[in-house]
Every structure is written in C-alpha cells, then in structure tokens.
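Here is the structure we will look at, set down as structure tokens.
The values are calculated or read from the model by the stated rules, or taken from the named source; none is laboratory data. Quantities reported herein were computed from a predicted structural model and do not represent experimental measurements. Methodologically, a virtual Cβ is constructed for each residue, glycine included, from the backbone with ideal geometry; neighbour enumeration extends over all protein chains shown. Protein only, heavy atoms only, side chains kept; ligands, DNA and RNA dropped before computing areas. Shrake-Rupley method; radii C 1.70, N 1.55, O 1.52, S 1.80 Å.
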Amino acid sequence: MTTLKQATGPAFTRIYSLGAARGDRVVPNDDLVGPIDSSDEWIRQRTGIETRTRASAGNLAVDLATEAAREAIEKSGVDAASIDLVLIATISNVQQTPSMAAVVADRVGANPAAAYDLNAACAGYAYAVAQADALIRAGAAHYALVIGAEKLSDIVDPTDRSISFLLGDGAGAAVVGPSDEPGISATVWGSDGSKADAVGMNGTLIDFRNGEAAWPTLRQEGQTVFRWAVWEMAKVAQQALEAAGITADDLAAFIPHQANMRIIDEFAKQLKLPEHVAIGRDIATTGNTSAASIPLAAHRLLQEQPELSGGLALQIGFGAGLVFGAQVVRLP
Ligand SMILES: CC(C)(COP(=O)(O)OP(=O)(O)OC[C@H]1O[C@@H](n2cnc3c(N)ncnc32)[C@H](O)[C@@H]1OP(=O)(O)O)[C@@H](O)C(=O)NCCC(=O)NCCS
C-alpha cells in the first residue's frame, strides 16, 4: 500500500506582534444619551465607558483590519509574502462574500494566503488564535495573520437602551508563527446556542428585504448576559489557567473581552488576581468592539506598560451564541 504523506508542524507557536486601529471619531456618552433616556453618569457608573471610538462613513471594518494588520506585520519582522494564513474574526462584514480576510490578505501583500472570516462574536479573536495555533502546529500554515475587526456602529439602533451605547468600532491584529518555547496555551472554548436569544441581531436580512422588519441591529438581555459572564466565564478563565499549567500569580496581564468594566472587576475578584497583574481596561475609551476588543486592549497595555512584553496574559472572549474562548498567551 502506498504511504500517504500527512503534514506535521512545529511543536510550539507564539504571538510575534500586535497592531491596532480604532475608529477615527471619539464619541462621548453625551452624544448618545438623548434617544435612550440615559445620562453620562449612568453609563460611566454602570459600564465604565467614558467615550467610544467609531469609524466615519467611508472607513469600513475591512479598512480598520488592513491598518491594524499593516502595523502587526511591520512589527513582526515577518515578510508579508511569507504569511500563508489570514483569519478575520468579525460579525460586521457588510458584504457576506467575499471574505474580509481575502481582501486584507491581498492588500497587505500576503496574496495568495489561505484566507477566511469566522464568526464567534466577541469570542472571535480567541477562536482565531486557537485556530492559527492549531493550524501552524499541524503543518497547515507557517505564519498566520489573525485579526478581530468590527464596525458595530453600522448595526446599532440609536434608540436601543440595551446595548447600542456600549458599542465601538476598531480592529486588532496579531502575527502568529512558530516558536522554540510554548507561547499559546490550550484554548478552553465552547458555546450554548440554547441561549441564542440572549444577545444577537434582532432580525434577518430577508425580513428586512420583505419590509417586515427594520434594518437588523444588535440587542441583548443585559442582565442575563451580565450574570452569565460573571458566573460562568470566571470559571472558564480559571479552567484556562489550569489548562495552561499556571496560576494567577504567574500572570503579567489579564485581558478579558471589553464588555463592561463591572464584569472586568468581578473577574479580577473571582480569579483573585494579585496586585501585580495588569488588567486591560480599554473599554473606558474604546467601548465594546466585539472581536477586536481583546487585541486592542492588549495593544494598549503594551503601549502603556512595555515592561509587560514577554509576560503571560490570560485572555477570554465571550458573546453572542453564548460562545466563549480563553487561553494564556505570551505577550510579544
Ligand atoms: C446592559 C447593562 C450595562 C445594563 O446594566 P444593568 O446594571 O444590568 O442595568 P439593569 O438592566 O439592571 O437596569 C437598571 C436600571 O437602569 C435602567 N436602565 C437600563 N438601561 C439603561 C440605559 N441605557 N440608560 C439609563 N438607564 C438604563 C433600567 O430601566 C433600570 O431602572 P430601574 O432600576 O428604575 O428599574 C449590563 O447589563 C451589561 O453590561 N450587560 C452585559 C453586557 C455584555 O457583556 N454584553 C455582551 C455582548 S458582547
């Protein structure tokens, strides 16, 4: 019998570099409170958000993704032409096909890399990091460009009190490649589609086309999602530490999805994070950018505290479909 050749790859991977792009407009709470009968004070107290970044009309998610990707590639030292896998986690591509990933691969000089988008909502970046790590170690790719990119302002209803005021626009990118030492731990991930109604779009494009519903926008049952995040996701974060074979003491940083500052504080308490662990709090000025929020928060932490470079970061994403993903990575 002829032996079939099957691919194998390097034993370990790591993140080489990060890039970031935020929407070009700074939108303070006061600009949004009118139609939702809210106040700057309420939003600050209940969410920790002071302003959020949103992108102008001509600045699409694919443009934010390209900008973030260019920075990450430049910092990585990897030739763009060597990147053979481009993954974009997003829920806000305005064209269902082609994928943003194929367009960005071409724009940054990585054509003809394998390229596809994936939808795991606010867990998208953690899912994409898990895929890049697994595909490189399996020998399916050598260097991966992983991006979370969202323009959520296109899918908000300014009169909706449940979520609209939380959301911002941005993209964060990472170059992932082979490593001599472990740089990305096992990912703890999953979903619970039985709770699909808790957060997501409020209609379909077919209903919109038929004039039976308005342009679909994001909605959530805030308290349901809040409780799930605080109770269930803290457990997942703990499991990710265990899967990585470390404890909270070993962390340099904790970078959760930027959904609500109160959720971030509650995680820190439940995980008993020591004082020395830096915590991503990018939500205060960027808002919740779904799949982009973790790499954006990581990028900011490294900009503000460059000494974190080389340390371990626990990152956890969670969101619509009640999907979640958490892993420990070595910061570039
Ligand atoms: C949305 C969220 C900020 C609401 O905060 P909350 O503390 O749960 O607020 P509640 O729904 O309990 O409402 C508390 C009060 O504020 C009011 N309120 C609700 N939304 C409001 C708003 N946008 N502005 C002002 N007041 C508001 C309510 O009417 C209620 O008033 P009452 O006490 O007089 O009845 C919060 O639930 C949240 O962040 N949820 C999870 C977000 C998340 O992780 N999303 C994941 C998607 S990625």
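Some notes on this structure:
- Candidates in segment 108-138 are the residues that are in contact (Cβ under 8 Å) with a residue 40 or more places away in the chain and over 30 Å from V225 (Cα atoms); of these, the one that is surrounded by the fewest Cβ atoms within 10 Å (Cβ to Cβ) is A138.
- Only helices (runs of 4 or more DSSP H) whose full extent lies in segment 22-139 are considered here, and the ones with at least 1 residues that are away from the ligand (no atom under 16 Å from the Cβ) are 61-76, 100-107, 124-137.
- D169 vs. criteria within 16 Å of the ligand (Cβ to nearest atom) and either open to solvent by less than 10 Å² (accessible area, probe 1.4 Å) or under 16 Å from G9 (Cβ atoms) (or both): yes
- Condition check for A171 on (1) closer than 20 Å to L64 by Cβ; (2) part of a helix (DSSP H, G or I): one failure, at (2).
- Within segment 94-107, being surrounded by fewer than 24 Cβ atoms within 10 Å (Cβ to Cβ) and modelled with pLDDT of 95 or more holds for T97, P98, S99, A102, V103, D106, R107.
- Long-range neighbours under 9 Å by Cβ, at least six apart or interchain, first residue more than 21 Å from P332 (Cβ to Cβ) and of a type outside the set (G, A, S) within segment 237-259, second open to solvent by less than 20 Å² (accessible area, probe 1.4 Å) and part of a helix (DSSP H, G or I): Q238/A248; T247/L241
- I147 being among the aliphatic types (A, V, I, L, M), more than 20 Å from A105 (Cα to Cα) and either away from the ligand (no atom under 16 Å from the Cβ) or in contact with a Lys or Arg (Cβ under 8 Å, 6 or more places away or on another chain) (or both): no
- Qualifying helices (runs of 4 or more DSSP H) (wholly inside segment 184-288; at least 3 residues being surrounded by 15 or more Cβ atoms within 10 Å (Cβ to Cβ)): 222-228, 234-244, 261-270, 283-286
- Put simply, of R46, R14 the only residue that is open to solvent by 80 Å² or more (accessible area, probe 1.4 Å), touching an Asp or Glu at 6+ places or on another chain (Cβ under 8 Å) and over 22 Å from S92 (Cβ atoms) is R14.
- Close pairs from segment 68-85: first at pLDDT below 95, partner among the small types (G, A, S), Cβ under 9 Å, at least 6 apart: none
- Yes/no for P158 being open to solvent by 70 Å² or more (accessible area, probe 1.4 Å) and within 12 Å of the ligand (Cβ to nearest atom): yes
- Segment 1-60, residues that are over 30 Å from P158 (Cβ atoms) and of a type in the set (A, V, I, L, M): M1, L4, A7, A11, I15, L18
- Checking each residue in segment 290-313 for being open to solvent by less than 10 Å² (accessible area, probe 1.4 Å) and either within 16 Å of the ligand (Cβ to nearest atom) or under 13 Å from the mean Cα position of the chain (by Cα) (or both) picks out S290, A291, A292, S293, I294, P295, L296, A297, A298.
- Top-ranked residue in segment 314-332 [being over 13 Å from the mean Cα position of the chain (by Cα) and within 16 Å of the ligand (Cβ to nearest atom); ranked as most open to solvent (accessible area, probe 1.4 Å)]: G321
- Hey, V176 touching an Asp or Glu at 6+ places or on another chain (Cβ under 7 Å) and away from the ligand (no atom under 12 Å from the Cβ) or not: yes
- Test: residue in segment 264-276 that is of a type outside the set (G, A, S) and under 16 Å from the mean Cα position of the chain (by Cα): yes
- Some residue of segment 58-72 being among the aliphatic types (A, V, I, L, M), closer than 26 Å to Q303 by Cβ and open to solvent by 20 Å² or more (accessible area, probe 1.4 Å): yes
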